[in-house]
Amino acid sequence: MDNLLNIKNLTVDLMTSRGIVYALDGVDLEVRSGEIHGLVGESGCGKSITSKTIMRLLDRKRARVGGSIHFKGTDILQLSEGRMQHLRGKEISMIFQEPMTSLSPLKTIGAQLGGAIANHTKLSKEERQKLVLSLLERVGLLPV
């Protein structure tokens, strides 16, 4: 079975107002196609930093990343931001520890879901709206 995700010697140093924080040092991880993994550990051990680094969600001006992260054979640390945006949410995603705080209180859930769908599909506005309503019904946020 081929590796879907292959991380070798991942290091992350964060530049803060108090100096450098050595957040990760030598993380190795392999995930094969079809496997499901969860990162577990005590608070502050590096779960979120590891996940955010894989998703390339760290501020590149404040984070120094070393090692390699290959997703489907491609070194995602070398991808352009545009190509990475294409991968995020469509091929690779992350469920945050507090997923309900991931939604903006300034926009409707429908608008936020519709925007994500628009970024990854060629559906018309009407098709996106139908899909959003269907998804919200499926998870019990709209009456059937």
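The values are calculated or read from the model by the stated rules, or taken from the named source; none is laboratory data. Since the model is a prediction, treat every value here as computed from it, not as a measurement. Note that each Cβ is placed from the backbone with ideal geometry, even for glycine, and that neighbours are counted across all protein chains shown.
Worth pointing out:
- Checked against (1) surrounded by 11 or more Cβ atoms within 10 Å (Cβ to Cβ); (2) not assigned by TED's automatic domain parsing to the domain that holds residue 17, residue 125 passes all but a single condition, namely (1).
- Here residue 94 meets each of (1) outside any helix (DSSP H, G or I); (2) over 27 Å from residue 36 (Cα atoms) with one exception, condition (2).
- Filter result for the condition that a residue is surrounded by 12 or more Cβ atoms within 10 Å (Cβ to Cβ) and within 19 Å of residue 12 (Cβ to Cβ), over 56, 60: 56
- Enumeration of residues in the range 38-75 that are small (Gly, Ala, Ser) and either touching a Leu at 6+ places or on another chain (Cβ under 8 Å) or assigned to a loop (DSSP other than H, G, I, E, B) (or both): 38, 41, 43, 44, 46, 51, 63, 66, 67, 68, 73
- Residue within the range 20-37 that is under 19 Å from residue 72 (Cα atoms), in a loop (DSSP other than H, G, I, E, B) and more than 19 Å from the chain's Cα centre (by Cα) present: no
- Near pairs, Cβ below 9 angstrom, 6+ apart or cross-chain, from the range 1-23 (surrounded by fewer than 12 Cβ atoms within 10 Å (Cβ to Cβ)) to any residue that is of a type in the set (Asp, Glu) and modelled with pLDDT under 95: 1/35
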